[in-house]
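The values are calculated or read from the model by the stated rules, or taken from the named source; none is laboratory data. Just so we're clear, the structure is a prediction, and the values are computed from it rather than from any experiment. Every residue, glycine as well, gets a Cβ built from its backbone with ideal geometry; the counts of neighbours run over all protein chains shown.
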Amino acid sequence: AKSQGQGRIAWFTRALGNDAKERSTLLQGLHKAFDLNRLFLVYQPKVDIQSEQVVGLEALVRWRDENGHMVPPDRFIPVAEQSGLIVALGLWVLRTALQTLAQLAQAGHGQIQMGVNVSVVQLEHPGFLAELKAILQASQLAPEQLELEVTESVAILGLDRVSALLESIRELGVGIAIDDFGTGFSSLSYIDRLPAHRLKIDRAFIENLDSEHRGARIARIIIPLGHQLGMKVVAEGVETREQIKVLQELGCDEVQGYFYARPMPYDELLTWLAKARA
Ligand code: C2E
Ligand code: CA
Ligand code: CA
Ligand code: CA
């Protein structure tokens with residue numbers, strides 16, 4: 001039994017070792033890609049559920065590694081967060097997203113709004129607010145065009161700190177969305193105190209919506225909750241007409257998902273917008 005236990009421990013250590021090694025390889029590659037400007041952004045439209053007009057975009061970061069394989073952000077963002085690289089990377093995302101807004105304005109799409117994902121590690125960084133201010137000023141765009149998407153994980157900063165921080169962001173004129181709502185661990189008192197404009201229902205609750213309204217129970221609760229708290233409610237991961245129909249009936253405001261468009265690089269986005277707005 002003893003040797004079996006040791007075997008298990010050896011296996012466990014090895015597994016951990018590989019994991020750590022894999023992470024450090026991933027981080028090295030990410031550093032290099034970032035330094036060599038190999039990361040890029042794609043943009044997914046957000047659509048008003050009634051008018052079907054485009055109301056905004058969400059910027060999502062992409063990394064194609066040296067072998068041409070896409071590394072999903074769900075894999076490299078956590079590594080960037082653990083290492084602190086997310087601070088610089090996140091500022092690059094903000095700058096790039098705002099540059100895109102300026103380019104879009106020149107292309108005749110002036111009023112579009114842009115959501116940018118911001119990790120709690122970035123928010124926690126002491127220079128964040130000043131950097132955000134500087135980037136906005138340099139861009140000369142209306143701050144209202146920018147919206148930061150934060151998840152419920154901001155709760156770990158503590159209610160007072162996070163509400164003060166988000167309040168200062170809001171004072172700049174920048175919007176705030178609570179992302180992946182319903183999957184985190186924040187309490188309703190947080191949601192009540194966070195000065196957010198939008199509530200994004202996580203894809204997990206949208207997946208199984210259908211005409212029999214099976215699976216609609218959570219959406220049925222979250223949509224009026226968001227409205228009560230003065231927020232617009234966005235459904236993420238909408239893939240079918242059926243889901244849109246149910247969401248319309250439930251009073252959802254906006255939708256985002258493959259049904260309308262996948263996240264697209266800038267050139268493709270321009271073509272898509274030209275068609276959508278024709
Ligand atoms: P998220 O912010 O919840 O982004 C939505 C994710 O859902 C995106 O995955 C998007 O491509 C995907 N998606 C959109 N519509 C559909 C649909 O109809 N069906 C399905 N199955 N998926 C859909 P992506 O781009 O892989 O990003 C994953 C996560 O990585 C994001 O989740 C976000 O948490 C994080 N992330 C991405 N870019 C950034 C960034 O610039 N900064 C930070 N901090 N996090 C980022
Ligand atoms: Ca998001
Ligand atoms: Ca989300
Ligand atoms: Ca997510």
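For the stretch 24-39, a residue qualifies if it is among the hydrophobic types (A, V, I, L, M, F, W, C) and touching a Phe, Trp or Tyr at 6+ places or on another chain (Cβ under 8 Å), and the qualifying residues are Leu26, Leu30, Ala33, Phe34, Leu39. In the stretch 170-191, how many residues are at pLDDT 90 or above and either within 16 Å of ligand 2 (Cβ to nearest atom) or not hydrophobic (A, V, I, L, M, F, W, C) (or both)? The number of residues fulfilling the criteria is 11.
Tell me which residues, restricted to the stretch 146-156, are modelled with pLDDT under 95 and surrounded by 20 or more Cβ atoms within 10 Å (Cβ to Cβ).
First, pick out the residues of the stretch 146-156 that are modelled with pLDDT under 95: 151-156.
Correct list: Thr151, Glu152, Val154.
Quickly run through the stretch 27-51 and pick out the residues that are touching a residue at least 12 places away in the same chain (Cβ under 8 Å) and within 18 Å of Glu239 (Cα to Cα). Result: Tyr43, Gln44, Pro45, Lys46, Val47, Asp48, Ile49, Gln50. Tell me, yes or no, whether the stretch 221-244 has at least one residue that is within 16 Å of ligand 3 (Cβ to nearest atom), farther than 16 Å from Ile49 by Cβ and of a type in the set (Gly, Ala, Ser). No, every residue in the stretch 221-244 fails to be within 16 Å of ligand 3 (Cβ to nearest atom), farther than 16 Å from Ile49 by Cβ and of a type in the set (Gly, Ala, Ser).
Name the residues in the stretch 56-83 that are within 16 Å of ligand 3 (Cβ to nearest atom) and either β-branched (Val, Ile, Thr) or free of Cβ contacts under 8 Å to residues at least 12 places away in the same chain (or both), would you? Val61, Pro72, Asp74, Ile77, Pro78, listed by residue number.
Just give me the residues in the stretch 192-218 being within 13 Å of ligand 2 (Cβ to nearest atom), touching a Gly at 6+ places or on another chain (Cβ under 8 Å) and charged (D, E, K, R), in sequence order. Arg198, Asp202, Arg203, listed by residue number. Return a yes/no flag: does the stretch 180-203 have any residue that is under 21 Å from Leu247 (Cβ atoms), touching a helix residue (DSSP H, G or I) at 6+ places or on another chain (Cβ under 6 Å) and of a type in the set (A, V, I, L, M). So far as the stretch 180-203 goes, yes, one or more of its residues are under 21 Å from Leu247 (Cβ atoms), touching a helix residue (DSSP H, G or I) at 6+ places or on another chain (Cβ under 6 Å) and of a type in the set (A, V, I, L, M). When the test is whether a residue is in contact with a Lys or Arg (Cβ under 8 Å, 6 or more places away or on another chain), within 16 Å of ligand 1 (Cβ to nearest atom) and outside any loop (DSSP other than H, G, I, E, B), Ile156 does not pass it. When you check Leu166 against the structure, is it under 16 Å from Ala196 (Cα atoms), away from ligand 3 (no atom under 16 Å from the Cβ) and buried (at least 16 other Cβ atoms within 10 Å of the Cβ), yes or no? Spelling it out, Leu166 is indeed under 16 Å from Ala196 (Cα atoms), away from ligand 3 (no atom under 16 Å from the Cβ) and buried (at least 16 other Cβ atoms within 10 Å of the Cβ). Restricting the stretch 243-278 to residues that are within 13 Å of ligand 1 (Cβ to nearest atom) and free of Cβ contacts under 8 Å to residues at least 40 places away in the same chain, the residue that is farthest from Phe40 (Cα to Cα) is Gln243.
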